[in-house]
Amino acid sequence: MATKQKNGNETGKSGDDAGTAGGPAAAFPAALFAGPFTTMMEGPMREMMAMQSAAARQMMDAFLPAGDSPGEDSSASADSPSSSHANEWQALAAQLTAMWQQFARDNPALAASGMADPAQWMELTSRWMTQFMPDDEASRRLLADSFALWETMAGQFMTATAEAQSSLAELPRSDKRFAAPQWRDNPVFAMLHQSYLMAAEQIMDAAAKAEGLPADRKLQLSFFTRLLTEAMSPAHFPLTNPVVIERTLETGGENLVKGMTHFLSDLQAGQLTHTDKAAFTIGENIASTPGKVVHETPLFQMIQYTPTTDKVLSVPLVIFPPWINRFYILDLTPKKSFVKYCLDQGISTFMVSWKSADASMADIGWEDYVAAQEEAIDVIRERLKVPAVHAIGYCVAGTTLAATLASLSRRGEDDKVASATFFTAQVDFSEAGELKAFIDEQQLAAVDSLATEGFLDGRYLSLAFNLLRSPDLLWNYVINNYLLGEDYKPFDLLYWNGHGTNLPARFHREYLRKLYHDNLLVVPDAITLNDTPIDLSKVRTPCFVQAGREDHIAPAKSVWKLTQNFSGATEFMLAGSGHIAGVVNPPEARKYQFWSLPGEFGDKSRRLPETLAEFLESAVETPGSWWDHWTGWIRSIDAEEVAAKGKRKPGGRGDTVIEDAPGRYVKS
């Protein structure tokens with residue numbers, strides 16, 4: 001079977017370059033899933049594939065009858081079992097190649113971009129890593145020694161005898177990525193993954209001990225070194241993953257064909273698929289809580305939900321979700337919906353649905369989102385004839401809510417907000433976690449280059465967040481859906497996670513630079529929004545601050561700093577789990593736990609300590625959801641109730657509304 005190298009020259013399947021590690025290319029492709037990409041690879045990636053192919057000849061003995069190992073007897077007769085296997089693998093390689101070639105014909109620009117070339121991925125990773133190293137001999141030696149260690153460990157695996165490998169009694173390192181029994185039962189794979197874990201551990205340790213780097217560059221080095229070590233896991237390559245080999249032999253390669261279909265579909269979409277998208281329809285089985293859109297601007301729609309109780313709290317609630325995602329993270333299915341929960345607690349609930357940015361929104365800045373929050377508050381006050389509202393801000397919308405409160409306070413209008421709740425929101429970005437690894441002058445310039453049409457494509461943001469937990473949100477799906485060829489399972493949370501939004505370029509640039517890079521929000525009057533200087537210390541509104549103990553986007557110690565910047569009464573609660581599950585945890589689920597100070601709300605002796613560590617020393621752990629705890633705090637602010645009638649029920653007689661919830665913006 002002839003192939004073409006990068007220079008376009010044809011090579012036959014005989015000779016060192018035709019196959020890898022001495023095996024005929026047709027008998028067993030150098031990398032089954034990478035079949036059509038193999039000829040594009042040069043340098044370290046091609047050598048790695050060659051090493052994998054050589055290792056595979058040993059590994060295949062564990063699965064094939066004696067004499068059936070690919071490449072073992074190239075002189076076998078055409079009708080022998082070995083020849084039959086070779087023909088099957090050759091047909092599989094041809095099918096995968098044909099699928100890629102058809103994709104390349106249909107998408108020439110995408111195919112030529114290098115996105116599907118693992119060699120270019122490795123080159124990109126190398127460039128990312130080296131830019132964080134000082135240009136000195138010691139740092140270059142650290143990087144070289146790290147990769148040398150990897151090669152040494154791989155070499156030890158390759159040359160170890162079966163007897164030496166089988167002597168492994170107890171494996172010294174464990175990792176959930178290698179939990180399948182196939183990784184332990186076969187001594188070859190046991191040695192392989194243990195060698196990988198040891199090498200990865202030592203490389204990460206070397207990065208942590210790197211000298212001559214400022215703190216921010218050291219964070220970047222550690223972060224991108226971790227990404228590299230995670231990417232190089234033997235679980236991610238078909239010939240070094242025993243589960244994939246077993247599945248491939250069982251299905252005759254059908255898993256790889258299905259996987260290639262998934263891969264090409266994702267390549268076309270420019271985004272990794274996490275769930276069966278056809279299983280959900282917005283407004284029907286997700287984001288389906290009844291309500292009406294009662295207000296609309298070019299930047300947002302506002303939904304008022306239909307009450308489910310005869311009486312409601314006199315003070316209504318407005319929820320500001322982050323505009324880097326869709327609002328319905330708080331209105332998934334009825335059993336998981338925070339919106340429905342609020343309605344059932346007798347709270348008149350409004351939700352802002354932000355518009356995904358397009359070219360017309362190029363000049364939208366952070367002050368426009370602050371103005372939008374103030375407008376939403378005023379519209380609700382006027383609509384229901386109430387003096388104040390409760391407000392919730394989630395993530396970036398919580399950061400913005402803090403600025404909105406400071407703006408209102410400066411103008412003497414802070415009585416418009418009866419209370420403010422912050423879900424995983426930060427105002428002091430000095431310890432903002434691994435997201436800061438993406439924030440330096442070079443990367444800020446790169447972000448600008450991606451927003452040439454006036455907005456940043458939400459798929460870039462999705463990738464950045466996925467990289468923070470790449471084993472769970474990236475590589476897990478590469479293994480299951482690309483290599484094993486499994487079908488996507490319906491999962492509402494992952495459907496939401498993949499439904500991203502675009503951001504206005506100006507807003508994104510300002511937010512990253514002024515907050516993440518320069519940390520100006522906590523500097524009094526360093527930022528002016530809509531002609532109003534922002535000073536968080538002037539905020540006297542009662543506040544409830546929620547953080548997630550395992551939050552990788554807004555670390556708990558960073559969220560805690562919010563409590564130190566306001567002047568009013570502040571309640572802090574630490575939830576189990578992370579950025580999403582720590583928030584979306586309904587009581588019926590009976591999952592996780594939360595930590596809060598003992599005593600009753602309003603008790604002046606319940607003062608927050610200076611540090612998160614001190615809080616945890618005195619906090620009480622409560623099993624399950626924190627939602628009821630929050631409702632108790634809301635009622636402690638104002639427990640007065642009114643009848644759920646008139647405009648408390650949107651769309652009634654004489655009430656002009658725009659359309660049914662969830663509205664148009666969330667679908668665009």
Carbon plus sulfur, as percent of the 1.4 Å-probe accessible area of region 296-426, comes to 51 percent
In region 328-429, the trypsin sites (Lys or Arg not before Pro) that sit in a DSSP loop and have at most 13 other Cβ atoms within 10 Å of their own Cβ are 335, 385, 411
1/(1 + (r/R0)^6) with r = Cβ-Cβ of residue 276 and residue 588, R0 = 22 Å, i.e. FRET efficiency to nearest 0.05, evaluates to 0.35
Computed over region 185-241, the relative contact order (Cα-Cα under 8 Å, seq sep at least six) in percent reads 42 percent
Cα-based Rg/(2.2 N^0.38 Å) for region 241-310, rounded to two decimals, is 1.94
Result for region 510-668: accessible area per residue, probe 1.4 angstrom, in square angstrom, of 49 Å²
With label points set 7 Å from each Cα along the Cα-to-Cβ direction at residue 249 and residue 209, the distance between them in nm comes to 4.1 nm
Of region 628-665, those with amide N under 19 Å from the point 7 Å along the Cα→Cβ vector of residue 620 are 628-637
Under the rule rounded for a/c under 1.5, else prolate if a/b exceeds b/c, else oblate, using alpha carbon gyration tensor axes a ≥ b ≥ c, region 386-434 is classed as oblate
By the C-alpha gyration tensor axes a ≥ b ≥ c (rounded if a/c is under 1.5, else prolate when a/b exceeds b/c, else oblate), the shape of region 575-665 is prolate
Sorted by accessible surface (1.4 Å probe, heavy atoms of the protein chains only), largest first, 189, 491 come out as 491, 189
With a 23 Å threshold on alpha-carbon distance, the violating pairs from 436/538; 355/416; 335/645; 311/667; 311/385 are 436/538; 355/416; 335/645; 311/667
Pseudo-spin-label distance residue 285 to residue 520, built 7 Å along Cα→Cβ, given in nm, is 4.8 nm
Residue-normalised value, i.e. accessible area per residue, for region 356-438 at 1.4 Å probe, in Å², stands at 27 Å²
Contour minus Cα-Cα span, residue 449 to residue 567, at 0.36 nm per residue, comes to 38.4 nm
Reported to the nearest 10 Å², residue 292 has, with a 1.4 Å probe, an accessible area equal to 50 Å²
Counting only protein heavy atoms and leaving out ligands, DNA and RNA, the solvent-accessible surface of residue 522 at a 1.4 Å probe, in Å² to the nearest 10, equals 40 Å²
Quick calc, residue 486 & residue 440: beta-carbon distance into FRET formula, R0 51 Å, rounding 0.05, result 0.85
On the formula 1/(1 + (r/R0)^6), with r taken between the Cβ atoms of residue 378 and residue 510 and R0 of 25 Å, the FRET efficiency rounded to 0.05 is 0.55
Stretched fully, the stretch from residue 363 through residue 308 gains (0.36 nm per residue minus C-alpha distance, one decimal, in nm) 15.8 nm
The answer for region 197-256, accessible area per residue at 1.4 Å probe in Å², is 37 Å²
Mean separation of Cα contacts under 8 Å (at least 6 apart) over the residue count of region 171-324, i.e. the relative contact order in percent, is 12 percent
Checked region 550-611 against the a/c 1.5 cut and the a/b vs b/c comparison, axes a ≥ b ≥ c from its Cα gyration tensor; verdict oblate
With all protein chains in place and a 1.4 Å probe, residue 595 shows an accessible area in Å² (nearest 10) of 30 Å²
With label points set 7 Å from each Cα along the Cα-to-Cβ direction at residue 540 and residue 430, the distance between them in nm comes to 2.7 nm
Restricting to lysines and to Cα separations under 22 Å from residue 176, and discarding same-chain partners fewer than 8 apart, the set is 489, 591
For region 241-314 the GluC sites (Glu not before Pro) that pass both the DSSP coil test and the at-most-11 other-Cβ-within-10 Å test are 284
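The values are calculated or read from the model by the stated rules, or taken from the named source; none is laboratory data. Please read all numbers here as calculations on a predicted model, not as lab measurements. For neighbour counting, all protein chains shown are included, and Cβ atoms are generated from backbone atoms with ideal geometry for every residue, glycine included. Remember, those area values only see protein heavy atoms, side chains included, never the ligands or the DNA or RNA. Shrake-Rupley method; radii C 1.70, N 1.55, O 1.52, S 1.80 Å.
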